[in-house]
Structures are given as structure tokens and as C-alpha cells.
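Q: Below is a structure I'd like to ask you about.
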Amino acid sequence: MRSLPHLLVIFFLTQTHGDSDKISGGYPAEEETFLYFVQLLVGKKLNSSKRPIVYGCGATLIHTKWILTAAYCFTTNEEPKPPLMYFKKNYVQALMGSDEKAQGLNDPKFDIRPLQTAYIHPGYSRQKMKNDVALGELKAGFMVFENDGKTVMLPDKKSILCPRGIVVGAGGDGDFQWTLVEIVQYTTADPKDKTSKNTTFYSQDKEGHAFLGDTGGPYMCYKVQFGIITGNIFDFDKEIVTTKYELVSSHMEFITSYVDFHTKWRGGSVGAQETKSSIDRVTSDISFIVSFYIAVKNFLFIN
């Protein structure tokens, strides 16, 4: 994964010139920038031709054979997860290796791994959107090398949530994008939310990152994944999009009950001190980008 300053040119160009085709609030990602991001395609039911109706989600690779995503991606009101037959027929797939949006199952532009099965958090409630966390076990692992950026690090219970982070995804009609978001208090975001305040958090954006279709995608602070996108709240009057996340550190017991992080090559978890270093680094990077952007705008205005 490249550092934020490397993305600075993209940030400047999209902010200055605009792009009618870009997702509101998002910036195009350079090729091979967010290598850990997974496009998850899930066949949830069959159409009249007995072909799967496929839904898209975001996910991250946390281990060569495991992805982390939202439970919502696998469930329907009728089914707790896709029938076993869907996994056997490879109707549930993890796709990596391209900065474009997947056009369906078996998209030849991608490195594809069908899922063996999915594990839903035992406390998940689709109606209440509580404990919206799931793991996907792949039939065969992705080729991963140490420190190649293809797997994310996960925080431990003592880790401190970074106040600003990166959301990545390939939602809407565009290709792979990223944006910066800032955490807000739940009382500001959604005071009616009845889920645990210890396991969720929120961000808000005036433009809205609007990665629709990327439920399950990550909230990142440098190389550490702190959150899983679980839903969006739209305030059309104020033109604000509020995004809700599951706090990964609160679900590590569920994650480690299935994933053995002691095997090569894996993502693993980080301690509070290493997480603090990541927070300091990403905060410094964000400040650098904003300062550079303001300086360039002032220069162009003067000249």
C-alpha cells in the first residue's frame, strides 16, 4: 500500500478540475494502491433462468485464505447465508488484482477465489443491524508474500480508534476510489441508534463518499483496519451522508475463533503502541495533503 503523499497528485487534480463521472466525495485510486481490497460477489438467489442474481460488497484480505466483510453481504430476510449449493457452484467469489469494478462472476480481469463458506457473527441481527460482521473462507488462498500489502493488519482491544481514516471501494458506476473521512459522535450521527456504542462508530461527509454497493468495505488508518462499513444514512436536506461502521477491535474474539494468524502469510493484529504510530502517521499525511492543496489553490489564484 502506498503512503498518502503518493496519492497527493490525484487529490489535487480531482479537487481542482472535477470529474462528472467520479463518485461524489471520492478520488480515483492509482493502480496497485490498495492491494488488500476485495470485491465480494455473492449469489443470493436464482432468477427465472436458474442463474444466480449477484450482489456486490466490499471486503478485505486478512489472511491468505480469509476475508473480512459485513454479515449483511451474505444474508437475506429469508436466508441466514447463501445455500450450500451456491458455494459448491462457485456463485460466491472474492476478486482481487484490478482497480476496475467487477462486471460479474468470473470477470477475467481479476484474480478470483471462490468461497468455501461464510461464518456469520453469532450475535448478528439483520433487522437491528447489530454485530454486522462476517468471515469468508476461500477454497484456495491468494498468493501472498510477507509485507506485500495484500493483507491488512487488525487492531487489538487496546488499540485507539484513529479520528480520521481512509474509506476505499468500487461502488456506484465508477472504478476503484478512495476518500478521507472524519469520525463523529454517535449522538451527532444517529441518536436513535440502539446498537452498542462500544462496537460501532460513525463518519460524516458533506459530499458523501457514497460507495453504494461497498457495504463490508474497510475504514483504514494507514495499514490498520479499524472499521467495516455497515450502512449509510442520507440527509438530503443537509446534503450529508453518515456512514456507520462496526469496530473491528470489538470483534477480534469472533475473528480469531476461526482465523489462525500464526500461519504464513497472514495479516495479524497490532498492539496499541503500533496503532498509535499509525494514527500519528496518517494524521501527518492528511495535514500534509490539505496544506499542499491550499497552497496550490492560493498560487493559482494569485497567478
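Read-outs: derived from the displayed coordinates by stated rules, not from any lab. Fair warning: this is a prediction, and the values are worked out from it, not measured in the lab. Neighbour counts run over all protein chains shown; Cβ positions are idealised from the backbone, glycine included.
Q: Tell me the label-point distance for the pair residue 157, residue 35, using the 7 Å Cα-to-Cβ offset, in nm and rounded to one decimal.
A: 3.3
Q: With a Förster radius of 41 Å, plug the Cβ-Cβ distance of residue 53 and residue 262 into 1/(1 + (r/R0)^6) and report the FRET value to the nearest 0.05.
A: Calculated transfer efficiency: 0.60.
Q: Using the 10 angstrom Cβ neighbour count as an exposure proxy, how do 113, 51, 164 rank, fewest first? Display every interim value, and only then the final one.
A: On the way: 113 22, 51 11, 164 16.
Ranking 113, 51, 164 by Cβ neighbours within 10 Å, fewest first, gives 51, 164, 113.
Q: Tell me, what is the percent relative contact order of region 37-138, built from C-alpha pairs under 8 Å that lie six or more residues apart? Intermediate results must be reported in sequence, preceding the final value.
A: Numbers: 206 pairs, mean separation 29.8, N = 102.
Value for region 37-138: 29 percent.
Q: In addition: Given R₀ = 35 Å, FRET efficiency for residue 78-residue 198 by Cβ-Cβ distance, to 0.05? Intermediate values should be presented prior to the final figure.
A: Numbers: r = 31 Å, r/R0 = 0.87.
For residue 78 and residue 198, the calculated efficiency is 0.70.
Q: Kindly flag which residue pairs out of 88/244; 50/130; 44/130 have an alpha-carbon separation exceeding 28 Å in this structure.
A: Values: 88/244 33 Å; 50/130 32 Å; 44/130 21 Å.
Over 28 Å apart, Cα to Cα: 88/244; 50/130.
Q: Run the quick spin-label model on residue 46 and residue 140: label points 7 Å from Cα toward the beta carbon, then report their separation in nm to one decimal.
A: Simple spin-label model gives 2.6 nm for this pair.
Q: Turning to a different aspect of this structure: How are the C-alpha pair distances of region 37-138 spread across 10 Å bins, as whole percents from the shortest bin up?
A: 16, 50, 29, 4
Q: In whole Hz, with x marking every Gly and Pro, tabulate ³J(HN,Hα) for region 215-230 from phi via Karplus 6.51 cos²θ - 1.76 cosθ + 1.60, θ = phi - 60°.
A: 3, x, x, x, 9, 10, 10, 6, 9, 9, 8, 8, x, 10, 5, 10
Q: Treating only the Cβ atoms of Lys and Arg (+1) and Asp and Glu (-1) as charged, compute the dipole magnitude of region 37-138 about its Cα centre; round to the nearest 20 debye.
A: 340
Q: Sticking with this one: Have a look at 155, 166, 114 and report the one farthest towards the positive end of the charge dipole of region 99-174, computed about the Cα centre with Cβ charges (Lys/Arg +1, Asp/Glu -1).
A: With unit charges placed on the Cβ atoms, the residue in question is 155.
Q: Loop-only check: which GluC sites (Glu not before Pro) in region 226-263 are DSSP coil with at most 12 other Cβ within 10 angstrom? Display every interim value, and only then the final one.
A: Values: sites: 239, 246, 253; in loops: 239.
Those satisfying the criteria are 239.
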